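Notes to accompany the following structure.
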Amino acid sequence: MRPIDLRSDTVTRPGAAMREAMAKAEVGDDVYGEDPTVNRLQEMAAERLGKQAALLVPSGTMANQAALRAQTQPGDAAIAGEGAHVQLYESAAAAAISGVQFTTAGRGGLFTASDVESCVYPSDSHYPRTRIVCLENTHNRSGGRVFPFDEVRAIVETASARGLALHLDGARLFNAEAATGIPAARWAEGFDSVSFCLSKGLGAPVGSLVAGSSELIGRVHRARKMLGGGMRQAGILAAAGIYALDHGVARLEQDHRNARRLADALRGADGIELLAEPETNMVLLRVADAEAFVSRAARGGVRVGAMGPKDVRAVTHLDVTSDDIDAAAEILRTAA
Ligand code: TLP
């Protein structure tokens, strides 16, 4: 039997229609700015995020790091929530590439405007210069939680009043859109830079975009070059991205339904604690021994990921059906 892979929404494989769009893509050399399909995707992305311009980069990590590099100087401090991908899961790139250190706002990933206030260092030469606030929506490490919209507005207001730049790691911003009905462009308002990934719930094989003002995207472009992210006939990838934006966004609600279905089936199971009600496409579980649970589940045909000694993450996506979810729940119950 084919394993049911719930480790991440990054594991999806492009289907026949997406591959056909890729095969037919008109291409050019994007380092010369001459790939018409990349240019079209970038325009679409800028429009969906309500920004002047957008840039295709190979990964969500590069999107975050190029945005950070373009908006900071070595020695600056960046404010981010606990467990933010940009801080925790990018191999210390902010330190290595931009010379930036983080100040952690709040607990558990989400934070408030008053947390931001209390993270801003005094302007005294002893301290780092606080330069940017990074917000992640949806928040991965806390189980795909959606930032409360009003709190995002308050954070944007506070940060702007303090003269701080704002970066939105919107790797799964369209999940926030699907969960709330609030369009991505509204979520993105007031942020200088916004990233989102094509290669997660939207189902494309590769690619993320960074959007912002034309001036800022010019600087992100330079950072992308520095990081080796200039790609040539990238229209083949951009065609998958266009397909993903056209067809993937409306489908995300299905993933959210499947996450709730999985949570419902696991609620009350012996040896499994549901850490929170799923808000989007992730289910976080607490078990006695995460590694042992993950191995037993894998032997039973379900792949999930350990997120700590006792915590396990299951992510729903394009390649799992509601029948898969029912089968997975049975296997996870037995694995506990
Ligand atoms: N997240 C991956 C892992 O790296 C943990 C996953 O499986 O969830 N921002 C956020 C919020 C992310 O969740 C990720 C990937 C990224 C950025 C980086 O994207 P990629 O993997 O394209 O570099």
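The values are calculated or read from the model by the stated rules, or taken from the named source; none is laboratory data. Fair warning: this is a prediction, and the values are worked out from it, not measured in the lab. A quick note on method: Cβ atoms are made from the backbone with ideal geometry, for glycine too, and the neighbour counts reach across all protein chains shown. Accessible surface areas use protein heavy atoms only, side chains included; no ligands, DNA or RNA. Shrake-Rupley method; radii C 1.70, N 1.55, O 1.52, S 1.80 Å.
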Using a ≥ b ≥ c from the Cα gyration tensor of segment 125-182 (square roots of the eigenvalues), is it rounded, prolate or oblate, where a/c under 1.5 gives rounded and otherwise the larger of a/b and b/c decides, a/b for prolate? prolate
Förster radius 45 Å - calculated FRET efficiency between S114 and A16, Cβ distance, rounded to 0.05: 0.35
Report the rotationally averaged projected area of the chain based on its alpha-carbon convex hull, in square nanometres. 16.6 nm²
Provide the per residue accessible area, probe 1.4 Å, for the chain, rounded to a whole number of square angstrom. 42 Å²
For segment 3-107, what percent of Cα pairs sit more than 24 Å apart? 46 percent
Rounded to a whole number, what % of the accessible area of segment 251-335 do carbon and sulfur atoms account for, probe 1.4 Å? 48 percent
Let's test the formula: R0 of 51 Å, r as the Cβ-Cβ distance of S125 and R267. What FRET efficiency results, to the nearest 0.05? 0.40
Segment 251-335, dipole about Cα centre (Lys/Arg Cβ +1, Asp/Glu Cβ -1), debye to the nearest 20: 140 debye
Whole-number value, in Å³ per residue, for the convex hull of the alpha carbons of segment 251-335 is 74 Å³
re segment 217-270: pairs of Cα atoms spaced beyond 19 Å account for a percent value of 61 percent
Ranking request for peptides 102-109, 269-276, 209-216: highest mean number of other beta-carbon atoms within 10 Å first, then the rest in descending order. 209-216, 102-109, 269-276
With all protein chains in place and a 1.4 Å probe, L284 shows an accessible area in Å² (nearest 10) of 20 Å²
Give, as ranges by residue number, the residues of segment 250-271 whose backbone N falls under 20 Å from the point 7 Å along Cα→Cβ of S322. 250-267
Just the Cα atoms of segment 63-106, one point each, no solvent: what log10 I(q)/I(0) does Debye give at q = 0.17, 0.18, 0.21 Å⁻¹? -0.38, -0.42, -0.58
Test of understanding: what is the full-extension gain from Q73 to A23, defined as 0.36 nm times their sequence separation minus their Cα-Cα distance? 13.9 nm
One computes Rg over Rh for segment 77-168 from alpha-carbon atoms, with the Kirkwood Rh, and obtains 0.95
Take the solvent-accessible surface of the protein heavy atoms, probe 1.4 Å, and return the percent of it on segment 41-145 that carbon and sulfur atoms account for. 47 percent
Peptide ranges 308-316, 71-79 listed from the most packed, as the mean C-beta count within 10 angstrom indicates: 308-316, 71-79
As straight-line cross-link partners of K24, the qualifying lysines (C-alpha separation under 28 Å, not fewer than 8 residues apart within one chain) are K200, K225
Rounded to the nearest 20 debye, dipole of segment 1-122 from Cβ charges on Lys, Arg, Asp, Glu: 380 debye
Percent antiparallel among DSSP beta bridges confined to the chain, nearest 5, equals 50 percent
